[in-house]
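First the structure, in the form of structure tokens, and then the observations on it.
The values are calculated or read from the model by the stated rules, or taken from the named source; none is laboratory data. Keep in mind the model is a prediction, meaning the values are calculated, not measured. Cβ atoms come from the backbone with ideal geometry, glycine included; neighbour counts cover every protein chain shown. Ligands, DNA and RNA are excluded from the accessible area calculation, which covers all protein heavy atoms including side chains. Shrake-Rupley method; radii C 1.70, N 1.55, O 1.52, S 1.80 Å.
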Amino acid sequence: MLPAAPPPPPPSDAPAAAAAAQEEEEAEDLTGCSKEELVRRLRREEAEKLAALVQRGRLIQGVNRQLQEHLREIRELKAVNGRLQGENRELRDLCCFLDEDRLKAKRLARHWQLFGHQAAQGLRDEVAGCLRKLAGLEGLQERLAQDNLELKELCLALEDCAASAASSSSSSANAARPDASPSPGGGSSELSLPCGPRDLGDGSSSTGSVGSPDQPHPACSPDE
């Protein structure tokens, strides 16, 4: 079994004892010195104390100057901090405004995009309808042109038939009445021709164009 540790020693009064011993030595020195020596020592101590006080005052002045400089720097930093905080608030407000403007522009761009898609779709549908109408009109125009050509050919054929029928009826009338005199008005002898054969309605008569409603009907003589 280990032996118990000795108790710690009580706190010693070494600093106090050293100070007391130094005071006793100084007192013994002073008792052994003369009056002039004591005056010199006193003046030396006073000069040392004054020098220490002057040095302390200089140190205090330096500390005060540094403290004033630090305070001035703190005030300047506070002013700079306030200015930066104001700028920070302005920048924050500007960022909020720009963000709202960006959101508005984004919504507006989305609306314009939807409108563009709808307008493009409507234009495509309208163009497709116009193309279909144009194709129908082109086909109708081709049919009408074909019909016009056929009608033109038919009109030319009818004019040829009418001309040949008029020439044949004129020659037959002159052969039937060789002593017929020309009309007093100097007109053609076709106006005094006798009534030709009746049209049977089958288109075989040669006087169909003469008795049409567009031409004057020739007068029949009382003898016929």
- Query: Given a 1.4 Å probe and every protein chain left where it sits, what share in percent of the accessible area of region 23-135 is carbon and sulfur?
  - Reply: 58
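Roll a 1.4 Å probe over the protein chains and send me the accessible area per residue for region 23-135 in Å².
93
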- Message: For the ranges 159-167, 142-150, what's the packing order if you count other beta-carbon atoms within 10 Å of each residue, average per peptide, and put the highest first?
- Response: 159-167, 142-150
- Query: To the nearest 20 debye, what charge dipole does region 23-135 have about its Cα centre, counting +1 at the Cβ of each Lys and Arg and -1 at the Cβ of each Asp and Glu?
  - Reply: 1820
- On full extension of the chain, what length is gained from A52 through A120, given 0.36 nm per residue of separation minus the C-alpha to C-alpha distance? 14.8 nm
- Query: With each pseudo-label sitting 7 Å past Cα toward Cβ, what's the S170-R44 distance in nm, one decimal?
  - Reply: 17.7
- Note on the structure: Pseudo-spin-label distance L71 to D93, built 7 Å along Cα→Cβ, given in nm, is 3.5
